[in-house]
Amino acid sequence: MNVLEIKNLTKKFGDFIAVDNMSLAVQEGEIFGFLGSNGAGKSTTINMIAGLLQTNGGEIKILDKNIASHSKLAKMNIGIVPQDLAIYEDMTAYENVRFFAGLYGLRGAELKERVEEALVFVGLLDKQKSLPKDFSGGMKRRLNIACAIAHRPKLIIMDEPTVGIDPQSRNYILTSVRKLNEMGCTVIYTSHYMEEVEEICSRIAIMDHGKVIAEGTKEQLKAIITDTRDIWVEVKNTENLEEAALKEIKGVNSISIEENVIKINSQSEVNNLNHIIQFFISRLIEIRSLQEQAPNLETVFLTLTGRNLRD
Amino acid sequence: MEIWIIFSKLIIILFIGFSYVHSETGNLAWSILLILLYISMNIPLYLVRMEKIKLCIHLGSFILICYSIQEVNPLFLLLLPMNFYEVSAAFFEKRWPLLLVGLLPLFFMEGNQAVYGLTALFSFLVFFMTGRYTERLTTYENKLDKMRLDMQRLSKSLNENQEYVRQSEYTYRLEERNRISQEIHDSIGHSMTGALIQMEAAKTLMAIDQAKAAELLQNAINISKEGIEDIRITLKNMKPPTEQMGLQRLKLQLEEFSIQHQLRMPFVYKGNIDLITPIQWKIITENITEALTNSLKYSGATEISIDIHVLNKLVRVEVRDNGSGIGSGKVVKGLGIVGMEERTASIKGTIIVDGTNGFSVTTLLPIV
Ligand SMILES: Nc1ncnc2c1ncn2[C@@H]1O[C@H](COP(=O)(O)OP(=O)(O)O)[C@@H](O)[C@H]1O
Ligand SMILES: [Mg+2]
């Protein structure tokens, strides 16, 4: 089932088109990544999904229901962690979560239970009485996540949740995203850090200038560019090397030798690393180092757009 | 529209009839006659086309109404406004003054002012509203017609595209056939003839000089072997020249443009160009042309680089100039860019327009 479906979504600011006829679908159980540089239109898209911004055309469906006519249903099923923090600095952590959960109609014992559950989830239960103004950036972000999940939404949208926070909080957040997903939540995760997206997302839309320019699993996205990878083996000496035999290994396309480095071009989907290593060992050729040169999502973005993700 | 006006006239007549019956004055026969007369004049009104005749009829009913008011019953006045609006609407643009004129009799009549006022307003409303909505309907119908035409035009151009693909495939096939026959003639034909001559000679020499004959036969065998090798090579080299054509055409065009406008135009292509289909070439060429024109018009660039890169599952074509670009990075799309987008979308591709570093238009086309 599609948790989110966007069709021909458009948003204009004056003459400028921030989101340009965008279409995509997020299925239940996915961690779906929006990857794109600053200004690609990620936040604008999310704000439209959240109903915070009017659209200039197109349609957004949550759980197969148009959000224009089912705004309540959409609200109850979405939890948003916005790019710009939305918490009250002078209310305690507990009060913040209670306030937001209360907006979704939770009351009484259930409210209390859910608030505590959310605080436990983000690891802030022991800080529930503290004021967010004393929190680090990472803690604030985690508190914001708690506010967004207390009402147990089916779809959680996180807009660049790791910008400007320490590595530890970052890991904590990435782990929480996975945990939420295992608990059955569908997650949309936006970022301009390709490592994160590559690490946690099951499917990714690469966005640029308000358009989705490529979409798929990370393997599919990389396969757009190439179906080969280079394996560089640095050896002590190349005397005993039988090139022909090396070429015989399944998946190997071509070989080039530069001084002591043997560059093996091989098909990506053939897992032949073992055979290659075996080849050198059996001929008593000493391996000094081994590197794999395969494209990552950054390469994909660069190759498609001609620009870096982080400019 | 007519039907509504006829109905409203009918309503007024009914009203007059009822009031008349209720007031119980005499002359029933007269008024029925007049009403029938009025009806019989006003029905043809909507059947004739000529404006002059219509005017005459209006005049006739006007006189009839006046007569009826005078002689039979002042209530007939109620029929007047509708006829008045009908006549005057043809001559005057402004509507509100007409309403005022229609209300004018209010000041000259005694009694029944309320009823007359109501009727005049009612007639005004019916007449101009139906007029307005009919007009609107007509514009919608016209629009619809126009859209139908557009659709026809578009589907025609789509067909033309398909025709283009078919055509170019045909041309390529023809050319290929020519090339093959040329090749066969040039190499294989010659060697076969050569071998034949040698064998003929061997046949005549067979009885006289066996050693010489054997030598000639060996020659023939060698020539035939070479011939077979030639065939193999010819077949191997016989890649369809489709893509070469697309590429050559583009190169030529770029060269021309570069000379004509005194611009540096480096052109690079990478990857397996053979994978680009004729329709993709067509769209690539059109997009490049469009992007070049834009660069020329807006950017003040001195260099425009063109880059075709065939990746594993995608063709990427970039046209980038070194001109002013868009300072804010916020490109506003004009017709040219929209055109490129539509063309490209028609074969499932995407366009990226970027103004942050000079101006660049990138066409992405999937390889299927
Ligand atoms: N309120 C606004 N008015 C004008 N332009 C805006 C507004 N909000 C966003 N934009 C522009 O829309 C584009 C997309 O922005 P955004 O969605 O924030 O991108 P991202 O989240 O991918 O970094 C940017 O060029 C931004 O400057
Ligand atoms: Mg953003």
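The values are calculated or read from the model by the stated rules, or taken from the named source; none is laboratory data. Note that the structure is a prediction, hence the values are computed from the model and not measured. As a convention, Cβ positions derive from the backbone with ideal geometry for all residues, glycine included, and neighbour counts pool all protein chains shown. Keep in mind that these areas ignore ligands, DNA and RNA; they rest on the heavy atoms of the full protein, side chains included. Shrake-Rupley method; radii C 1.70, N 1.55, O 1.52, S 1.80 Å.
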Inset, instruction - Using the Karplus curve 6.51 cos²θ - 1.76 cosθ + 1.60 with θ = phi - 60°, work out ³J(HN,Hα) for each residue of the stretch A:218-232 in order, rounded to whole Hz, and write x for Gly and Pro. - result: 5, 5, 4, 5, 5, 5, 4, 7, 7, 10, 10, 9, 9, 10, 9
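Between A:A294 and A:Q220, 0.36 nm times their residue separation minus their Cα-Cα distance comes to what?
Additional length available on full extension: 25.3 nm.
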Legend entry - For chain A, with +1 on Lys and Arg beta carbons and -1 on Asp and Glu, the positive-most of A:N8, A:I62, A:G210 along the dipole: A:I62
Inset, instruction - Would you mind giving the mean number of other chain beta-carbons within 10 Å of the Cβ of each residue in A:32-39, as a whole number? - result: 1
Inset, instruction - Apply 1/(1 + (r/R0)^6) to the Cβ-Cβ distance of B:I259 and B:Q182, taking R0 = 35 Å, and write down the FRET efficiency to the nearest 0.05. - result: 0.60
Inset, instruction - Could you please report the charge total around B:R95, scoring K, R as +1 and D, E as -1 over all other residues with beta-carbon less than 14 angstrom from its beta-carbon? - result: -1
Legend entry - Three-way shape call for the stretch B:242-366 based on the alpha-carbon gyration tensor, with the a/c threshold at 1.5: oblate
Inset, instruction - Over the protein assembly as shown, give the accessible area per residue in Å² for a 1.4 Å probe, as an integer. - result: 55 Å²
Inset, instruction - Please work out whether the stretch A:227-294 counts as rounded, prolate or oblate from its C-alpha gyration tensor, where a ≥ b ≥ c are the square roots of the eigenvalues and a/c under 1.5 means rounded, while otherwise a/b larger than b/c means prolate and anything else oblate? - result: prolate
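Can you give me the relative contact order of the stretch B:2-138 as a percent, contacts being Cα pairs under 8 Å and 6 or more apart?
Working: 82 pairs, mean separation 36.1, N = 137.
Relative contact order comes out at 26 percent.
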Inset, instruction - Only Lys, Arg, Asp and Glu count, each charged at its Cβ (+1, +1, -1, -1), so figure out the dipole size of the protein assembly as shown about its Cα centre, rounded to 20 debye. - result: 1660 debye
Inset, instruction - Mind ranking B:53-66, B:136-149 by how tightly packed they are, going by the mean number of other C-beta atoms within 10 angstrom, highest first? - result: B:53-66, B:136-149
Legend entry - Backbone HN-Hα couplings from phi across the stretch B:202-214 [Karplus 6.51/-1.76/1.60, Hz, Gly and Pro as x]: 4, 4, 5, 7, 3, 6, 7, 10, 5, 4, 4, 4, 4
Legend entry - Average projection area in nm² (convex hull over Cα atoms of the stretch B:148-278, one quarter of hull surface): 13.9 nm²
Legend entry - Proportion of all alpha-carbon pairs of chain A beyond 35 Å (%): 34 percent
Inset, instruction - Note the full-extension length gain between B:T204 and B:L149 as 0.36 nm times their separation in residues minus their Cα-Cα distance, in nm to one decimal. - result: 12.0 nm
Inset, instruction - Please name whichever of A:L309, A:S176, A:A245 sits farthest to the positive end of the charge dipole of chain A, dipole taken about the Cα centre and charges placed at Cβ: Lys and Arg +1, Asp and Glu -1. - result: A:S176
Legend entry - At least 50 Å² of accessible area lost relative to the chain alone, listed for the stretch B:341-368 with a 1.4 Å probe: B:I352
Inset, instruction - Would you calculate a helix-derived [θ] at 222 nm for chain A, using -39,500 (n - 2.57) for each DSSP H run of n ≥ 4 and dividing by the full residue count, to the nearest 500? - result: -10500 deg cm²/dmol
Legend entry - Shielding by other protein chains, A:209-216, mean Cβ within 10 Å: 4
Legend entry - Set of the stretch A:42-79 residues, backbone N closer than 19 Å to the point 7 Å along the Cα-Cβ line of A:E28: A:61-67, A:73-79
Legend entry - Estimated buried accessible area (total), pair B and A, 1.4 Å, Å² to nearest 100: 1600 Å²
Inset, instruction - Could you grab the relative contact order for the stretch B:178-238? Cα pairs under 8 Å, six or more apart, rounded to a whole percent. - result: 44 percent
Legend entry - Computed [θ] at 222 nm, deg cm²/dmol, chain B (DSSP H ≥ 4; -39,500 (n - 2.57); rounded to nearest 500): -22500 deg cm²/dmol
Inset, instruction - Using a cut-off of under 16 Å, list every residue of the stretch A:263-290 whose amide N is near the label point 7 Å from the Cα of A:K236 along the Cα-to-beta-carbon line. - result: A:280-290
Legend entry - Summed residue charge, Cβ within 14 Å of B:E318's Cβ, Lys/Arg positive, Asp/Glu negative: -2
Inset, instruction - For B:F62 paired with A:D311, estimate the spin-label separation in nm (one decimal), with each label point 7 Å from Cα along the Cα-to-Cβ line. - result: 7.4 nm
Inset, instruction - For A:S268, list long-range residues whose amide hydrogen, built 1.01 Å from N in the peptide plane, is under 5 Å from its own amide hydrogen. - result: A:T228, A:R229
Inset, instruction - Would you mind checking which residues have amide H under 5 Å from A:E215's amide H? H placed 1.01 Å from N; only 5 or more apart, or other chain. - result: A:I206
Inset, instruction - Would you pull out the residues with amide H under 5 Å of A:V19's amide H, same chain only if 5 or more places away, H placed 1.01 Å from N? - result: A:K11
Inset, instruction - Would you mind telling me which residue in A:Q278, A:Q128, A:Q220 has the biggest mean-square fluctuation in a Gaussian network model of chain A, where springs connect alpha carbons within a distance under 10 angstrom? - result: A:Q278
Inset, instruction - Pull out the extension gain between B:I367 and B:A29, defined as 0.36 nm times the separation in residues minus the alpha carbon to alpha carbon distance; nm, one decimal. - result: 112.9 nm
Legend entry - Virtual spin-label span in nm between A:Q168 and B:T289, 7 Å along Cα→Cβ: 6.4 nm
Legend entry - Net charge dipole size for chain A [Lys, Arg +1 and Asp, Glu -1 on Cβ; Debye, nearest 20]: 1240 debye
Legend entry - Vicinal HN-Hα couplings computed from phi for the stretch A:155-163 (Karplus, 6.51 cos²θ - 1.76 cosθ + 1.60; Hz; Gly/Pro x): 10, 10, 10, 10, 9, 6, x, 10, 6
Inset, instruction - Would you be so kind as to identify which of A:L124, A:V26, A:S71 lies farthest towards the positive end of the dipole of chain A, taking Lys and Arg as +1 and Asp and Glu as -1 on Cβ and the Cα centre as origin? - result: A:S71
Inset, instruction - Could you tell me which of rounded, prolate or oblate describes the protein assembly as shown, using a ≥ b ≥ c as the square roots of the eigenvalues of the alpha-carbon gyration tensor, with rounded for a/c under 1.5 and, failing that, prolate when a/b is larger than b/c and oblate otherwise? - result: oblate
Inset, instruction - Give the relative contact order (percent, whole number) for chain B; include only Cα pairs under 8 Å separated by 6+ residues. - result: 9 percent
Legend entry - Inter-label distance, nm, simple model (7 Å from Cα along the C-beta direction), A:E89/B:E160: 6.3 nm
Inset, instruction - Please give the FRET efficiency for B:K297 paired with B:V21, using the beta carbon to beta carbon distance and R0 = 56 Å, rounded to the nearest 0.05. - result: 0.10
Inset, instruction - Determine the dipole magnitude for the stretch B:39-129: charges of +1 sit on the beta-carbon of Lys and Arg, -1 on that of Asp and Glu, nothing else is charged, the reference point is the Cα centre, and the result goes in debye to the nearest 20. - result: 280 debye
Legend entry - Helix A:108-121 vs. chain A, principal-axis angle (Cα, 0 to 90°, nearest 10): 20 degrees
Legend entry - 10 Å Cβ neighbours from other chains, averaged over peptide A:300-309: 4
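Taking 22 Å as R0, compute the FRET efficiency from the Cβ-Cβ separation of A:Q54 and B:E342 and round it to 0.05.
Efficiency at R0 = 22 Å is approximately 0.30.
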